[in-house]
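This is the structure I have questions about; it appears just below.
The values are calculated or read from the model by the stated rules, or taken from the named source; none is laboratory data. Since this is a predicted model, take the numbers as computed values, not measurements. As a convention, Cβ positions derive from the backbone with ideal geometry for all residues, glycine included, and neighbour counts pool all protein chains shown.
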Amino acid sequence: MTKEHAGDVSYSEDNELLTEFLTWSQDALAQMRGIIDELTDDTVRGDEGVCQLYDLAHNIKGMGSSFEFDLMTEVGLSLCGYLKAIEPDESVSSRVLSSHVRIFEVVLKNRIKGNGGEQGAALKSRLATIILEEAS
């Protein structure tokens, strides 16, 4: 196992911590999916549920790479960036939010570690396209 930066720590070999991370992530994704299911066309970024989505994505982003789930970190970064880029009173795209959560779900279900290789690059590219499409 190699890490790019000397200060990076990986807990992926600690089965107890890894299990806790996976369980927490599954619970977080269930919460996220529930929030997204409640969204309406006029839900804005400042909505309490959307703020909870941001917090959950931020935590996933922060923990993902510690367990070598770098793709989860990158997708979390994308979701947080999307939400930060819009004004608090601007409507959010349920398609964008749902697409991020769907990738999180795929990564966890398939236990995709690292950046996901070509599949990970394709997922990130598709996500960027969806964000652009929804912005226009």
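I'd like the full set of residues that are touching a helix residue (DSSP H, G or I) at 6+ places or on another chain (Cβ under 6 Å) and surrounded by fewer than 15 Cβ atoms within 10 Å (Cβ to Cβ), limited to the stretch 101-136.
Listed by number, the list holds a single entry, 114.
Residue 86 versus (1) modelled with pLDDT under 95; (2) within 19 Å of residue 130 (Cβ to Cβ); (3) under 11 Å from the mean Cα position of the chain (by Cα): which is the lone unmet condition?
The failed condition is (3).
So, one more: Pairs needed: first member in the stretch 34-47, free of Cβ contacts under 8 Å to residues at least 40 places away in the same chain; second member anywhere, basic (Lys, Arg) and surrounded by 11 or more Cβ atoms within 10 Å (Cβ to Cβ); C-beta distance under 7 Å; at least 6 residues apart or different chains.
Once the first residue is free of Cβ contacts under 8 Å to residues at least 40 places away in the same chain and sits in the stretch 34-47, no partner that is basic (Lys, Arg) and surrounded by 11 or more Cβ atoms within 10 Å (Cβ to Cβ) comes close enough.
Continuing with this model, one more query. Can you tell me which residue is surrounded by the most Cβ atoms within 10 Å (Cβ to Cβ) among those in the stretch 39-51 that are of a type outside the set (Asp, Glu) and assigned to a helix (DSSP H, G or I)?
50
Hey, another quick one. Hey, among the residues in the stretch 52-67 that are surrounded by fewer than 21 Cβ atoms within 10 Å (Cβ to Cβ) and not hydrophobic (A, V, I, L, M, F, W, C), which one's farthest from residue 127 (Cα to Cα)?
Result: 66.
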